[in-house]
Every structure is written in structure tokens, then in C-alpha cells.
Amino acid sequence: MRRLVILVLSACVLPLVSGCSISKSISSPFEWSSDSSASSSRSSSRDRSEDYRSDVRSYTKAYVQSGGNYDTFSSGLSAVARKHGVSNWESDPDTYVGIGAGLKQGGVTPTALAVWESNLSQGDATKAAAIQKGYDSTQR
């Protein structure tokens, strides 16, 4: 029940806090121009990690700028993760670093960042720190 309340509040509050308009839904996940999966056999683990964070950053930035609900955001992150062979994005630190970077590039203020961190980390200090790391290490 608590998670449902957080999700509902996230869907209603986050677009407003970040300065975006509320949209009822986004019809499909965003598509990405980079196709790192084709070259994954030639990439090192570090390169794949960087490619994944980059796609998460781009997805998050686009989501923040367009608004939407949490389920759409979560579904889109799942699609990005699958593309990169990440089976559980919710436990991958690169996901949260990428989210933080995307929030910064999307124009999320430090005050709104705290709301995102709280909702996405669900009390996990490691996840919150990864979001902050991505936010702090990114230029707008």
C-alpha cells in the first residue's frame, strides 16, 4: 500500500516539482539512437556500463522534459536495461547514476532532486548516493 501511495504521489507531484506539465500518458517508451547492443561483443565491460548509463541519462532527461507517470518511467527504464543486458535495473548502481545525470540535464532543481532521490531510492542510501553522484558529475 505504501509503495502505491508513493507511486501515485510521484506521478502527480514530480512533473509539477520539476516544472513539467502533467501528461496523461506517454504512448510508448522513448527510442534510442545508439545501438550499443550490436557492438557489445567488442565492448569492454566498462564501455557497456558507460553506454548503459548514457542511455539511462538520455531516457531520464527526455522523461523529465515531457512528464508522465511513474509506471511509464519504470517501463522505459526496463526497456533500456533489457537492451543492455541488465536483468534487474533496480539493483544496478549504473541505473541510478544515469538517472541522476538525466535529472540534471533535464533541468531538475536540487530541491526537486531530493524528491526524486527519496522516491527512487526508497530509503536505500546507496541508491540515493548514486543518483546524487550522477547529478553532481553532470553539466546541464
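The values are calculated or read from the model by the stated rules, or taken from the named source; none is laboratory data. These figures come from a predicted structure and were not determined experimentally. All Cβ positions, glycine included, derive from the backbone under ideal geometry; neighbour counts span all protein chains shown.
Consider segment 111-127. How many of its residues are without any contact (Cβ under 8 Å) to a residue 12 or more places away in the chain and in a helix (DSSP H, G or I)?
Residues that pass the stated criteria total 3.
Is it the case that ASP71 is within 24 Å of GLY123 (Cβ to Cβ), of a type in the set (Asp, Glu) and surrounded by fewer than 20 Cβ atoms within 10 Å (Cβ to Cβ)?
On the way: within 24 Å of GLY123 (Cβ to Cβ): yes; of a type in the set (Asp, Glu): yes; surrounded by fewer than 20 Cβ atoms within 10 Å (Cβ to Cβ): yes.
For ASP71, the condition - within 24 Å of GLY123 (Cβ to Cβ), of a type in the set (Asp, Glu) and surrounded by fewer than 20 Cβ atoms within 10 Å (Cβ to Cβ) - is met.
Can you tell me which residue is surrounded by the most Cβ atoms within 10 Å (Cβ to Cβ) among those in segment 85-118 that are among the hydrophobic types (A, V, I, L, M, F, W, C) and in contact with a Ser or Thr (Cβ under 7 Å, 6 or more places away or on another chain)?
ILE99
Test each condition in (1) in contact with a Lys or Arg (Cβ under 9 Å, 6 or more places away or on another chain); (2) at negative phi; (3) not in a helix (DSSP H, G or I) for SER87 and report the one that comes out false.
(1)
How many residues does segment 45-83 contain that are outside any helix (DSSP H, G or I) and within 11 Å of the chain's Cα centre (by Cα)?
Count: 0.
Can you go through ALA112, ALA128 and tell me which one is among the small types (Gly, Ala, Ser) and in contact with an Asp or Glu (Cβ under 6 Å, 6 or more places away or on another chain)?
ALA128 is the lone residue from the list that is among the small types (Gly, Ala, Ser) and in contact with an Asp or Glu (Cβ under 6 Å, 6 or more places away or on another chain).
Kindly evaluate GLN132 against the criterion of being assigned to a loop (DSSP other than H, G, I, E, B), surrounded by fewer than 21 Cβ atoms within 10 Å (Cβ to Cβ) and out of contact with any Cys (no Cβ under 9 Å at 6 or more places or on another chain). If you could, list the steps in order and put the result at the bottom.
Details: assigned to a loop (DSSP other than H, G, I, E, B): no; surrounded by fewer than 21 Cβ atoms within 10 Å (Cβ to Cβ): yes; out of contact with any Cys (no Cβ under 9 Å at 6 or more places or on another chain): yes.
No.
Name the one entry in ASP71, ASP55, ASP47, ASP51 that is of a type in the set (Asp, Glu) and at pLDDT 95 or above.
ASP55
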